[in-house]
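The values are calculated or read from the model by the stated rules, or taken from the named source; none is laboratory data. Since we're looking at a predicted model, the values are computed, not measured. We place every Cβ from the backbone using ideal geometry, glycine too, and count neighbours over all the protein chains shown.
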Amino acid sequence: MKLQTIVVKIGTSSLTDAETGNLAISTIAALVETLTRLRTQGHRVILVTSGAVGVGCGCLGLQERPRTLAQKQAAAAVGQGRLMRVYDDLFATLKQPIAQVLLSRSDLVDRHRYINAYNTFAELLRWGVIPIVNENDTVATEELRFGDNDTLSALVASLVEANWLFLLTDVDRLYSADPRRDPNAVPLDRVSNLEELEALQIGSAGSTWGTGGMATKIAAARIATDTGVRTAIAAGRQPNNIEKILQGAAIGTQFEARDRAVNARKRWIAYGLVPAGKLYLDDGAVKAICEQGKSLLAVGIAAVEGQFHSADAVQLCAKNAGGVEVARGIVNYAREELDKICGRRSEDIAAILGDRGAETVVHRDNLVLVTG
Ligand code: GLU
């Protein structure tokens, strides 16, 4: 088999016993064995693990997941070290070196830090280390955080140009409805287009201690497959299924990836940056950027929403198609300036703003189409 870059995400519900909240040691040991085997075969492996908050709560004897951000952050600070100790003990038994990588959402927004993170992962993988990633919960802010590790793992998979993302969870695959509540729920083995899922009532509830649910997994699959990463949702209690899936077994729900069409910088614009506003485009502008590969000009903007500065990321939405997002890009003007120039021709901008600004509002080099 061709050597692959594999990102595996495991959720709190798989790492802990639902009854006691204690660590599910046999699951973790099986995961460690599987990942070490994959490493020994020459694959590059990254583990994204949840559980810091859950383990921290266990250490502190809390009976339920804390509600305030400060409490969650404090619990994560208690649990992260314990969690890593367990991983380090088990991986060390198999002589597999690991590394702790704690990422904040803001690390991916900043282009230099994004590239830095890429370089660090590349070096660790070259050394044969398994990086173990979690959100840097202790310093994350309410406004700027991944919030769930499904999203984090998809962004990491995109960053490192992974071949595969495995989302290990407490159900064995995706169903057309929540199988715990609906006996008619049908299993979904293969998803070639995420739009197929839109009509389904997929349960969004997470577990007691974790954060995500099926909705965040599907959102993660969208990011991953859109950036060229094949994605599978599979049972966390049987980590060795990863090897079977890699060998072609139809286990779990597998999502086909799109071609990795856009370059690394555009992937960063699409998913690393956090959009700060929305520009609503008229039909002509939507056609120009979506079909003709053109830049966005002020004349095609019908309305503006949000507070942003120049060089921030914005969503470009089709005004006459219910405001659906069609592209993302880096904007050349601040909100206040756009209020004055939207709908106006480029040659009038200098007179309106009293200064000759950029000819385009979003240059096509800084613009990425959002595939539906
Ligand atoms: N970062 C959180 C933790 O380690 C997990 C977030 C999630 O459950 O997705 O507890």
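Odds and ends about this structure:
- The residues in region 62-121 that are outside any helix (DSSP H, G or I) and among the small types (Gly, Ala, Ser) can be counted, and the count is 2.
- Strands (runs of 3 or more DSSP E) wholly inside region 259-338 containing at least 1 residues that are closer than 14 Å to HIS363 by Cβ and β-branched (Val, Ile, Thr): 313-318, 324-330
- Among the residues making up region 210-225, a single one is under 22 Å from THR12 (Cβ atoms), among the hydroxyl-bearing types (Ser, Thr, Tyr) and not in a loop (DSSP other than H, G, I, E, B): THR216.
- The criterion of being surrounded by fewer than 21 Cβ atoms within 10 Å (Cβ to Cβ) and either modelled with pLDDT under 85 or in contact with a Lys or Arg (Cβ under 8 Å, 6 or more places away or on another chain) (or both) holds for LEU200.
- Residue in region 226-236 that is in a helix (DSSP H, G or I), modelled with pLDDT of 90 or more and more than 18 Å from LEU35 (Cα to Cα) present: yes
- Filter result (away from the ligand (no atom under 14 Å from the Cβ) and in contact with a strand residue (DSSP E or B) (Cβ under 7 Å, 6 or more places away or on another chain)) within region 61-92: ASP88, PHE91
- Residue in region 45-60 that is away from the ligand (no atom under 15 Å from the Cβ), buried (at least 19 other Cβ atoms within 10 Å of the Cβ) and not hydroxyl-bearing (Ser, Thr, Tyr) present: yes
- Subset of region 253-268 (residues that are out of contact with any helix residue (DSSP H, G or I) (no Cβ under 6 Å at 6 or more places or on another chain) and surrounded by 22 or more Cβ atoms within 10 Å (Cβ to Cβ)): THR253, GLN254
- Set ALA298, ALA327, ALA313, ALA318: member being more than 27 Å from the chain's Cα centre (by Cα) and modelled with pLDDT of 95 or more: ALA298
- Matching residues, region 29-86, being polar (S, T, N, Q) and within 30 Å of GLN4 (Cα to Cα): THR34, THR36, THR40, GLN41, THR49, SER50, GLN80
- Selection status of GLU243, modelled with pLDDT under 95, of a type outside the set (Val, Ile, Thr), out of contact with any helix residue (DSSP H, G or I) (no Cβ under 6 Å at 6 or more places or on another chain) and assigned to a helix (DSSP H, G or I): no
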